[in-house]
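Chemist: Mind having a look at this structure? Questions to follow.
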Amino acid sequence: MTTATLRIVQKASRVGFEDVKAQYTWKSWLFGWITRVTAQVLFFAAMGLVVGGPEFVLFAFVGNVCAMAALMPQGAGPDTAWERGLGTLPLLVAAPRSMLPVFSGRCAFYIVQGVVEASFVFAILAPFVGFTGDWWWLPVGLLALGLGSYGLGLFLASISIRKPRIGNVLYNLVFYTLVAIAGVNVPTDVFPIPVQQAANVLPMHHGILGTRSLIADGASIAAFGQLGMEITIGIGWFVLAMIGFTLFSEGGRRDGTIDLAE
């Protein structure tokens, strides 16, 4: 990666951070967003009492905390529509560089946000659900989940940048499909083999397995192997995102449609 590319990523990251700051005050973040996601995690954890007891409560609790770390990074997809609304997207297409460094930096703070918020919700609820384990490993697992999910989020961005109207629909469809099949509330092995195979090549599944292993049994080769697989899958989706952005920008430059009207 060249110095110029790193500078683009750095400046784009600053823009993304300022965007996040503009969205919240500390009151709206704490009493709005955090209250909402805490209630969501607690709801699914409490469902464990209906289906099986304390073991299922802890399973759903850890799974939904992990899903929180993936929630924000995957949101990179619909956020690409902001550039069209701001009128900056034609300039990015016209610029003689890939748009990927811009968008990869643009939403990179979401990885940090996901890890911090998921850890915070975990700290709030852990005493109430009876969690016991190596909690200090949690941020390591959440970071791997964030990195893996960010690759997929950028790939979704390379799709939704073409049709911004589908951005939120695509994001919600993909994210909640992953919540259903990746082992958040139920083990993945309850699903048919094709569904398990799909989960194996998508983010969240390996990250959740690795995080569960870390906080239950401590550091192990198996746990870090799962987290490594999560990051590797994220890199794979990042490469696909790079191809998608390249095809989109080169097409716009070639045929002169840099206004990108739908």
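Chemist: Does V184 meet the test of being among the hydrophobic types (A, V, I, L, M, F, W, C), more than 29 Å from A4 (Cβ to Cβ) and part of a loop (DSSP other than H, G, I, E, B)?
Modeler: Spelling it out, V184 is indeed among the hydrophobic types (A, V, I, L, M, F, W, C), more than 29 Å from A4 (Cβ to Cβ) and part of a loop (DSSP other than H, G, I, E, B).
Chemist: Further question: Pairs needed: first member in the stretch 183-197, over 19 Å from A70 (Cβ atoms); second member anywhere, surrounded by 15 or more Cβ atoms within 10 Å (Cβ to Cβ); C-beta distance under 8 Å; at least 6 residues apart or different chains.
Modeler: D189/Q196
Chemist: A further question follows. Going residue by residue through the stretch 183-204, is there one that turns out to be at pLDDT 90 or above and under 11 Å from the mean Cα position of the chain (by Cα)?
Modeler: yes
Chemist: If you don't mind, there's one more thing I want to ask. In the set F44, F17, which member is in a helix (DSSP H, G or I), under 23 Å from the mean Cα position of the chain (by Cα) and at pLDDT below 80?
Modeler: Selected residue: F17, the only one of F44, F17 that is in a helix (DSSP H, G or I), under 23 Å from the mean Cα position of the chain (by Cα) and at pLDDT below 80.
Chemist: Looking at the structure I just gave you, is T232 at pLDDT 95 or above, surrounded by fewer than 16 Cβ atoms within 10 Å (Cβ to Cβ) and either at positive phi or assigned to a helix (DSSP H, G or I) (or both)?
Modeler: Yes; evaluated as a whole, the condition is true for this residue.
A quick yes/no check of all residues on (1) β-branched (V, I, T); (2) in a helix (DSSP H, G or I):
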| residue | (1), (2) |
| --- | --- |
| F120 | no, yes |
| G133 | no, no |
| G146 | no, yes |
| S149 | no, yes |
| A157 | no, yes |
| I166 | yes, yes |
| Y176 | no, yes |
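Chemist: Looking at V62, V37, V51, which is the one that is surrounded by fewer than 22 Cβ atoms within 10 Å (Cβ to Cβ) and over 13 Å from I124 (Cβ atoms)?
Modeler: Sole residue among the options that is surrounded by fewer than 22 Cβ atoms within 10 Å (Cβ to Cβ) and over 13 Å from I124 (Cβ atoms): V51.
Residues are listed down the side, and each one gets a yes or a no for (1) under 15 Å from M72 (Cα atoms); (2) among the polar types (S, T, N, Q):
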{"position": "T2", "(1), (2)": "no, yes"}
{"position": "L6", "(1), (2)": "no, no"}
{"position": "V9", "(1), (2)": "no, no"}
{"position": "E18", "(1), (2)": "no, no"}
{"position": "T25", "(1), (2)": "no, yes"}
{"position": "L30", "(1), (2)": "no, no"}
{"position": "V37", "(1), (2)": "yes, no"}
{"position": "F43", "(1), (2)": "no, no"}
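The values are calculated or read from the model by the stated rules, or taken from the named source; none is laboratory data. These figures come from a predicted structure and were not determined experimentally. Reconstructed Cβ throughout: ideal geometry from the backbone, glycine too, with neighbour counts over all protein chains shown.
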